[in-house]
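See below for the structure under consideration.
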């Protein structure tokens, strides 16, 4: 009896994880073949990809530092995705958040306010900037039925130009640098360290994970989002305002992406640097989209998958450094994992 | 007048990028496949086209390689969608990212890191005698071969869609796949053919960038044009003739933005570079009441 239930449980677990096992297996098989064909040592490459993140205290911290913005941009995609909308704009929301954070920080650098106050103010401004930037796309969808895939991406390009403008124009621009970047923010404005290079942004991100979980599972708003995602027409009949729900999901998504931008500026760079939202060859926003799609946008699965993805990204960096494997190959693997996971999930669901 | 002529010529030279890419999306869209992977398709095709043209010294082989790469992307999208019925948007977005990775990877693997990026053989220009002396008109006909191909394709696709029986059948698949299926039209095959062919057009648009516009491949050479193509297809209501007009508009915006940037006004150049992206939002907003979609666009079709 006891035995039977435990095998049942095992079987259920297998059914649940089966698509992921197959997808990951196939994706890594493909990557292995590619690596082999290109003349790299496949075993060494995989070892570096997976174990780098655990190899030293420094690498563990690096992984956490990648996890921080990644989990936020993943939610930025995952929340509007609950009601089947694609927010591909977390890149734009993140860099807008970081840019406004820098402008505000430089603007108030001569007023000596308590550090905690300055940090809270700047991060709030960054988050709200991201939220309102995403709200443009949300409103275009809710009131003008313009596809968010297009609008969010267009806003990304606008944001990139704006960031470049701020990073190359006085009074913000740092003089005498080749790469577009702003002046440094004063030290007292930067995020305090937990230990070694790990800043408190990591804790903020964890707090946000709890916040999203709370919103999605314990509040009326979360319930409404879930209902609309489940069956839009039924939700409408039951008096849920679809337009409002659309706006709320984009606002929340943008809030987190904007916060990620603020955290990167105050926690990692200490200034606005063009390309600060890029890691391992692509934007955190792009990796966030991939991560959200792999996790099925489930609030509980998001942090777990984001953590695995951070390990992979950190491994990819080391792969490029040590074995000269182009990061794009890992990038390719991740896109492949998404396609495989999504198709496998669909395939096994039907049976 | 010379200035205007130069600007016109520049505009027409940009037109194939937008026309071919959105035309490719229109062909597939008319059969119900909403391909948002344009950016990734064009990037991978640009890289493939540049590499092949450079290695063989032949621009035509480069363009063909671009078309083949584009077709492969279109085929991948429709194959995954038709086999598993996974959302076309999810596959499309994944392909955007796949294309971005693949384009740089191909380039790095074949050419490695180089100090001087060599120029690929350019697509030749063809001048039509006498006509090319007429001001304004000359801007449209003193152009490279692909521009003429673009004119031909717009007319061809228009004629095919609205004046032939297979064109009517194709539109039927996009409007009502079940009804089309009932009268014996092969819905799946139609979607395979149109999306693959549309992918090839997107590919040529991608290859056009290094082989005509810049002469070299640089990472992220498409710079959002693949997404603008999607916007054009939408506000053109998935009609080839309007697609061409939309493409002219965005080619003009790009040409004018470039001129303004070079002329050195007080407005920072970044704001000119924003204009195509804000422009697409503006036109989509302006045309929001008028746009029409093929009824089955983006939706999976299965017989059950």
Working carefully through the options A:34, A:96, find the one that is more than 14 Å from residue A:330 (Cβ to Cβ), buried (at least 16 other Cβ atoms within 10 Å of the Cβ) and either within 13 Å of chain B (Cβ to nearest Cβ) or in contact with a helix residue (DSSP H, G or I) (Cβ under 7 Å, 6 or more places away or on another chain) (or both). A:96
Residue A:347 vs. criteria at the interface with chain B (Cβ under 9 Å from one of its Cβ atoms), touching a residue at least 60 places away in the same chain (Cβ under 8 Å), farther than 28 Å from residue A:159 by Cα and surrounded by fewer than 23 Cβ atoms within 10 Å (Cβ to Cβ): yes
The condition of being assigned to a helix (DSSP H, G or I), within 14 Å of chain B (Cβ to nearest Cβ), at negative phi and at pLDDT 90 or above holds, among A:288, A:262, A:254, A:258, only for A:288
So, residue A:150, is that one part of a loop (DSSP other than H, G, I, E, B), facing another protein chain (nearest Cβ under 10 Å), farther than 22 Å from residue A:272 by Cα and modelled with pLDDT under 90 or not? no
Top-ranked residue in the range A:185-199 [being surrounded by 17 or more Cβ atoms within 10 Å (Cβ to Cβ) and not in a helix (DSSP H, G or I); ranked as farthest from the chain's Cα centre (by Cα)]: A:185
Scanning the range A:160-184 for residues that are in contact with a helix residue (DSSP H, G or I) (Cβ under 7 Å, 6 or more places away or on another chain) and in a loop (DSSP other than H, G, I, E, B), which turns out nearest to the other protein chains (Cβ to nearest Cβ)? A:180
I'm checking my understanding of the structure. Among residues of the range A:48-90 that are in contact (Cβ under 8 Å) with a residue 12 or more places away in the chain and not in a helix (DSSP H, G or I), which one is surrounded by the fewest Cβ atoms within 10 Å (Cβ to Cβ)? A:84
When you go through B:97, B:63 one by one, which is the residue that is crowded, with 17+ Cβ neighbours inside 10 Å, in contact with a strand residue (DSSP E or B) (Cβ under 8 Å, 6 or more places away or on another chain) and assigned to a helix (DSSP H, G or I)? B:97
Of the residues A:323, A:332, which single one is surrounded by fewer than 24 Cβ atoms within 10 Å (Cβ to Cβ), out of contact with any strand residue (DSSP E or B) (no Cβ under 9 Å at 6 or more places or on another chain), within 12 Å of another protein chain (Cβ to nearest Cβ) and modelled with pLDDT under 85? A:332
Looking at (1) in a helix (DSSP H, G or I); (2) crowded, with 22+ Cβ neighbours inside 10 Å; (3) within 15 Å of the chain's Cα centre (by Cα), which one does residue B:248 not meet, given that it meets all the others? (2)
So which of A:157, A:132 ends up being within 14 Å of chain B (Cβ to nearest Cβ), assigned to a helix (DSSP H, G or I), in contact (Cβ under 8 Å) with a residue 12 or more places away in the chain and surrounded by fewer than 24 Cβ atoms within 10 Å (Cβ to Cβ)? A:157
Residue satisfying condition, being within 14 Å of chain A (Cβ to nearest Cβ) and at pLDDT 90 or above, within set B:112, B:99: B:99
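The values are calculated or read from the model by the stated rules, or taken from the named source; none is laboratory data. Because the structure is a prediction, the values reported are computed rather than measured. Positions of Cβ are generated from backbone atoms using ideal geometry, with glycine treated the same way; all protein chains shown enter the neighbour counts.
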